Structure formats: structure tokens, C-alpha cells
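Only one structure is covered here, and it is reproduced in the block below.
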Amino acid sequence: MSYGANDDVHLRAAELTILADRAASCTQCELAATRTTVVFGAGDPNASLVIVGEGPGKNEDEQGLPFVGRSGALLDTLLAEIGRERNDVYIANVVKCRPPGNRDPRPVEIETCKPYLRQQLVLIDPTVVVTLGNFSSKLLLNTDVGITKLRGQAYPWWGRYLVPTFHPAAALRGSARVLEAMREDFTRIQGILDDTERNMMKTTELPPSIPHQPEKHDPEQLDLF
Ligand code: SF4
């Protein structure tokens, strides 16, 4: 019996489920004491686009899903504008449990929760990672530079691309300039995904002796954040 792409997708989904089950009873940091539900992440385990936010808010904590409030609705709109739906992507957060009162996650909480996010990225192995806001952008780019300076470009990242942009909550606070910048960033994301998909279509026309996939770093080596 041969092993195909569908088996690979099922294996990834199964491994993500095992990881989610482990996170569901996690008590490794103090956020466990005040959460209602662990918000592990949701979406397509085979997605070419992974979106990483900060942490669950009140609605997410109650429902166990990421980005379900007004920020989620804006994210859905931005995705629709580039021809994608929530089900086409995978959405996760830096910390999986809600910081009480929506306070910022603390460095020790981010560090403790980081292996879950790293393993999600290893398993899904996307082409583009989008970081929303300061916490995920600084963590994944391993920098102290803030999102205002970081955004506006795509960074090569472990054989993939990382596109930092503002958190939707920042746009909802009323600045049209922030929303405009997010739209620019999402157009950039669309360009990268379209180019990648076009290149993969082209490579399917090549003789089988020529490798079809662009070379990627070993996803297991995603160890710098
Ligand atoms: S935030 Fe992460 S590390 Fe902390 S209890 Fe929740 S799942 Fe565990």
C-alpha cells in the first residue's frame, strides 16, 4: 500500500488533535487557574496560511474558538477581500488561555506556551505565517521592534514567509490608517500565496525527475522562537 498526500493530511490532523487534547488539560502556567476553555486553534490542518494572534479574549474563552468576536469578524472580512475563508486557513494564538481581564500575556506565560505554537507550525507547515500585533510578531521574528515598524514587508522565515500586521483590535479602535495598512498587508499575503500556487502549477508540468516543491528548511528545525 502506498503512502499519499491524503494520508499526510490525515496524519497532520490526527497529530494536531493529540496536541489539542494535551493542551486542553494543560496547567503549565498560571493562566490555567482563570481560563474557562483552552483555545488551542482552529482551521485547516493543511492550510498554506496560518494566522497567529495574541491570546483568547472573553468570547473566545467562553466558546473555545479563536477570533470569534468583533476582531474575528474583521479578520473574516480581510480574508474575504483576498478570496479566502476562515476554513481555508488555520488560526492560533501565542497563549492558549485567556489572560484575566484581557491583560497582556506575561513573558513567562508566552515562553511556557510556546511549544504548542511551534508544534502547530511544524505540523501544518504553511507557506505564509501572518502575525497579528506585537506579541506574535515579536515572538516569531525574535525581535523587540514594534509592529508599526515591523509591518509593511514579508520576511523570509525558515523557508517560508512571515508577514506581520496589526491586530484587528487596533483597527477596531477607530483608526482608518490602521485598517488601510492591514489591507495592504493582506494584499501582500495574497500575492505570495498566488505566486506560490502558480509556481506549483508550473512545476506539475515538468518531467518527474525535476523536484516539484520549492526547497524548504526542515520544519523540525523551527527552533529559533
Ligand atoms: S496558556 Fe498555554 S502553557 Fe499556560 S496553561 Fe494555557 S495551554 Fe498551558
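Just so you know, all these numbers are worked out from the coordinates, no wet-lab data involved. Here the structure is a predicted model, which is why all the values come from computation and not from measurement. Every residue, glycine among them, receives a Cβ derived from its backbone with ideal geometry; neighbour counts consider all protein chains shown.
What is the mean projected area of the alpha carbon convex hull for the range 49-149, to one decimal in square nanometres?
The number I arrive at for the range 49-149 is 6.7 nm².
By count of other Cβ within 10 Å, fewest leading, how are 48, 25 ordered?
Sorted ascending by nearby Cβ count, the order is 25, 48.
Just want to confirm a number: the relative contact order over the chain, from Cα pairs under 8 angstrom separated by 6+ residues, in percent.
Contact order relative to length: 20 percent.
Under 19 Å from a point placed 7 Å out from the Cα of residue 114 along the Cα-to-Cβ direction: which residues of the range 46-77 have their backbone N that close?
Zone members listed by number: 52-56.
Given DSSP loops and a limit of at most 15 other Cβ atoms within 10 Å, what is the longest stretch of the chain that contains no such GluC sites (Glu not before Pro)?
For GluC sites (Glu not before Pro) (loop position, at most 15 other Cβ atoms within 10 Å), the longest site-free span of the chain is 86-204.
Provide, for the chain, the number of lysine pairs with alpha carbons under 13 Å apart, each pair being eight or more places apart or on different chains.
Within the chain, the lysine pair count is 4.
Measuring from a point 7 Å past the Cα of residue 82 along Cα-to-C-beta, which residues in the range 165-183 have an amide N at less than 11 Å?
Residues 165, 182-183 fall inside that zone.
Please arrange 124, 51 by counting, for each residue, the other beta carbons lying within 10 Å of its beta carbon, fewest first.
Going from sparsest to densest Cβ surroundings: 124, 51.
Considering the Cα positions of the range 33-89, please state its Rg to one decimal place and its Dmax as a whole number of Å.
11.8, 40
Using the Kirkwood radius built from alpha carbon pairs, what does the Stokes-Einstein equation give as D for the chain at 20 °C and 1.002 mPa s, in µm² per second?
The estimated diffusion coefficient comes to 118 µm²/s.
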